[in-house]
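Accompanying notes for the structure given below.
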Amino acid sequence: MNIKTRKVVGQVFFLLIAFYLDGLMKWAFLNNMNHGGFNVLPQLMLMLIVMLTMRIDDRRHLIILGIVFGLLYDSYYYGIIGLYTVLLPLLMIGIDHFKFLLLKNNMGYDLSIYFLSLTFLQSGIYLLERLLQQTSTDVLDFITYTLGPTLLWNVVVFFIFYIPLANLSSWMVKYRRDSK
Amino acid sequence: MQKFFSNKKLIILMILIIVTFGLLAVTVNIRDKKSTPPVVQQIGNDVVSVVGGVFAYPTNAVKNATSEFSDLYNTYTENKRLKARIGELAQNQAKLEVVQEENKKLKQELKLNSTLTDYSTVNASVLSRSPNSWQSYLTINRGQTSGIKKNMPVMSGKGLIGRIIEVDKVSSKVELISTDNELNDKFAAEILGNNKNITGVVSRYDSDTGDLVMENVTSTKNIKKGQSVITSGLGGLTPRGLYIGKVYGIKKDNYGMTNSVYITPAAELRNFTVVTVIKSSVSGEK
C-alpha cells in the first residue's frame with residue numbers, strides 16, 4: 001500500500017468514527033425527548049470534514065469524500081437522500097474556493113469556518129425539509145431551539161478538541177507537504 | 001445554441017437543483033408509500049448498522065451502567081413503595097392466569113382464532129439515534145429477517161414509544177411518538193373508564209410539556225386524571241392493549257370547540273437500550 005492510499009484509508013476511517021459518534025452522542029447524552037425544547041445535534045463528522053477541507057487541495061478528492069459521506073449520513077440517519085448528499089459537497093467546494101484568502105491555518109480561522117458551515121448546513125436542511133413539508137417548525141423556533149443550542153454545543157466541543165483534531169487532520173494529509 | 005451551453009457554471013447549477021429536488025422527492029415518496037426502501041439503500045444501511053454495532057454495544061453498556069447507578073440512588077424509597085404493592089401483584093397475577101385460561105377456552109368455544117389483543121414480540125437493541133431535530137428516529141438491530149414490517153408499534157419496558165418507519169434486511173428505523181411528522185404520529189387509543197371506555201386518537205405531541213395529546217374524543221364527561229390510556233386496536237397493525245400513559249388533564253382548543261385530553265406518556269423515551277417490536281396476529285388494512 002503506498003503512502004497516498006494509506007492516508008486516504010486513514011481519512012475514511014476517522015470520518016467513519018466521527019459519523020458513528022454523531023448518532024451515539026445524540027443517543028447516549030443529548031436526547032431530551034420527554035421535555036421538548038432545546039435540541040442539540042452533535043456534528044462531529046462535519047467538524048472533521050471542515051478540518052480536512054482546510055488542508056486538502058485536491059478538489060476532486062474532496063467532492064468524492066463529500067458525496068460518499070453525505071449519502072451515508074442521509075441514508076442512515078435521515079432516511080431521505082438529498083440533504084447532506086448535496087449540501088456537504090457544496091460546502092466543501094465553497095470552503096476550498098475561498099481557502100486562498102486565509103493566510104495560514106490557525107484556530108480562529110478554523111473555528112469561524114466551522115461556525116459558518118454549521119449554520120449553512122443546518123439552515124439548508126431546515127429550508128429543504130420545510131419545503132418538502134417534513135417539519136412544521138417555524139423559523140424563530142428553529143433558530144431558538146435547534147440552531148442556537150447546536151451551534152453553542154458544537155463550538156464548545158470544537159474548542160476543546162481543536163488541538164488533537166488539528167494534529168490528526170494535518171497528519172492525515174501530510175505527505176502532500178513533504179512531497180512539494 | 002452554442003452560446004447557451006457555453007456557460008458551464010449555469011448548467012452545473014441547473015443540474016444540481018434538478019438532482020437535489022429529484023432525489024428528495026423520490027426518497028420521501030418511497031418512504032411514505034413503499035413498504036421497504038430500494039435494495040441498494042437497504043444493503044447500505046445494513047452494512048453501516050452492522051459495523052455501527054461495534055460502537056453501539058459499549059455505549060449501551062455505559063448507558064445501562066449509569067442508569068443502574070441512578071437506580072441505586074433511589075432504591076430505598078422505591079423499595080418501601082414496592083413492598084406495599086407486592087401482595088397486590090401476586091393476587092393480580094393469579095387472577096390473570098385464571099382469566100387468561102378461561103379466555104382461551106371461551107375463544108375455542110367460539111372458534112375465534114385471533115383477536116385484536118393477540119400479538120407476538122421481537123426484542124431489539126438500539127444502535128443509535130439520528131442527530132436530527134425533526135425526524136426523531138432510532139436505529140434498531142432487527143429487520144425483515146426477524147419478521148418486522150413497516151408501521152408495527154414499538155414499546156420500551158414501560159410503554160409505547162413509536163412505530164417502525166423503515167425496514168431493511170437486518171436493521172430498521174423507529175420513528176418516536178414525539179415526532180413532528182404529521183403523517184405518522186397517530187395512534188388509535190382508548191381511555192379505560194369504570195364502566196365505559198372512551199376512544200380517540202393520540203395525534204400530537206406537545207413538546208413544551210412533554211405530553212401526548214389525544215383528540216377526537218367521543219365524550220369527556222367521565223374522564224378523570226390518572227386513568228390509563230391504551231391502544232384500542234382500531235387502526236390496523238397496532239393490537240389492542242398496549243399501554244400509552246395516564247390522563248393528565250383536559251383542555252379545550254383555541255376555538256372552544258373540541259376537547260383534547262393530555263396524556264403523560266408512560267415510557268421515558270430515554271433510559272432504555274432495548275425495545276420490543278409488537279407483531280399483531282390480526283392483519284388489518286395495509
Quick one: which residue in B:G245, B:G241, B:G256, B:G236 is within 30 Å of B:S114 (Cβ to Cβ) and at pLDDT below 80?
-> B:G236
Check whether at least one residue in the stretch B:140-159 is within 13 Å of chain A (Cβ to nearest Cβ) and charged (D, E, K, R), and report yes or no.
-> yes
Selected residue (only one of A:G79, A:G70 is within 12 Å of another protein chain (Cβ to nearest Cβ), touching a strand residue (DSSP E or B) at 6+ places or on another chain (Cβ under 9 Å) and surrounded by 22 or more Cβ atoms within 10 Å (Cβ to Cβ)) | A:G79
Pair list, Cβ under 7 Å, 6 or more apart: the stretch A:130-149 residue assigned to a loop (DSSP other than H, G, I, E, B), other residue open to solvent by less than 30 Å² (accessible area, probe 1.4 Å) and among the charged types (D, E, K, R) = A:T135/A:E129
Take the residues in the stretch A:107-138 that are over 30 Å from A:A166 (Cα atoms) and of a type in the set (D, E, K, R), then tell me which one is nearest to the other protein chains (Cβ to nearest Cβ).
-> A:E129
Determine, yes or no, whether B:I12 is more than 18 Å from B:T139 (Cα to Cα) and either assigned by TED's automatic domain parsing to the domain that holds B:K173 or not polar (S, T, N, Q) (or both).
-> yes
State all residues of the stretch B:30-57 that are open to solvent by less than 80 Å² (accessible area, probe 1.4 Å) and either in contact with an Asp or Glu (Cβ under 9 Å, 6 or more places away or on another chain) or of a type in the set (F, W, Y) (or both); if no residue qualifies, say none.
-> B:R31, B:T36, B:P37, B:Q41, B:Q42, B:G44, B:N45, B:D46, B:S49, B:F55
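Any residue in the stretch A:47-57 that is surrounded by 15 or more Cβ atoms within 10 Å (Cβ to Cβ), within 11 Å of chain B (Cβ to nearest Cβ), in a helix (DSSP H, G or I) and at pLDDT 90 or above? Lay out the reasoning, then the answer.
Start the filter on the stretch A:47-57 by keeping residues that are surrounded by 15 or more Cβ atoms within 10 Å (Cβ to Cβ), which leaves A:47-56.
With within 11 Å of chain B (Cβ to nearest Cβ) added as a condition, the list becomes none.
No, every residue in the stretch A:47-57 fails to be surrounded by 15 or more Cβ atoms within 10 Å (Cβ to Cβ), within 11 Å of chain B (Cβ to nearest Cβ), in a helix (DSSP H, G or I) and at pLDDT 90 or above.
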State whether the residues of the stretch B:20-29 include one that is of a type outside the set (F, W, Y), part of a helix (DSSP H, G or I), open to solvent by 80 Å² or more (accessible area, probe 1.4 Å) and not assigned by TED's automatic domain parsing to the domain that holds B:G143.
-> yes
Pair list, Cβ under 7 Å, 6 or more apart: the stretch A:6-25 residue under 23 Å from B:A61 (Cβ atoms) and within 11 Å of another protein chain (Cβ to nearest Cβ), other residue of a type outside the set (A, V, I, L, M) and open to solvent by 50 Å² or more (accessible area, probe 1.4 Å) | A:Y20/B:F55; A:L24/B:F55
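Results for (1) under 20 Å from A:L16 (Cα atoms); (2) over 13 Å from the mean Cα position of the chain (by Cα); (3) open to solvent by 60 Å² or more (accessible area, probe 1.4 Å); (4) not hydrophobic (A, V, I, L, M, F, W, C), shown as yes or no for each residue.
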residue	(1), (2), (3), (4)
A:Y109	no, yes, yes, yes
A:Q122	no, no, no, yes
A:S136	no, yes, yes, yes
A:V156	no, yes, yes, no
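Being within 14 Å of the chain's Cα centre (by Cα) and within 14 Å of chain A (Cβ to nearest Cβ) narrows it down to one residue among B:S130, B:S178; which is it? Break it down stepwise before answering.
Values: B:S130 fails: within 14 Å of the chain's Cα centre (by Cα).
Going through B:S130, B:S178 in turn, the sole match is B:S178.
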Quick one: would you say B:F69 is open to solvent by 50 Å² or more (accessible area, probe 1.4 Å), without any contact (Cβ under 8 Å) to a residue 40 or more places away in the chain, under 30 Å from A:L30 (Cα atoms) and within 14 Å of chain A (Cβ to nearest Cβ)?
-> no
Could you check B:Q100 against (1) open to solvent by less than 60 Å² (accessible area, probe 1.4 Å); (2) more than 9 Å from chain A (Cβ to nearest Cβ) and say which number it fails?
-> (1)
Please list, ordered by first then second residue, the pairs with beta carbon atoms under 7 Å, 6 or more apart or interchain, first in the stretch B:144-156 and assigned by TED's automatic domain parsing to the domain that holds B:E166, second part of a loop (DSSP other than H, G, I, E, B) and of a type in the set (S, T, Y).
-> B:K149/B:S35; B:K150/B:S35; B:P153/B:T238
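The values are calculated or read from the model by the stated rules, or taken from the named source; none is laboratory data. Because the structure is a prediction, the values reported are computed rather than measured. Neighbour counts are summed over all protein chains in view; Cβ atoms, including those assigned to glycine, are modelled from backbone coordinates with ideal geometry. Heavy atoms of the whole protein, side chains included, go into the accessibility calculation; ligands, DNA and RNA do not. Shrake-Rupley method; radii C 1.70, N 1.55, O 1.52, S 1.80 Å.
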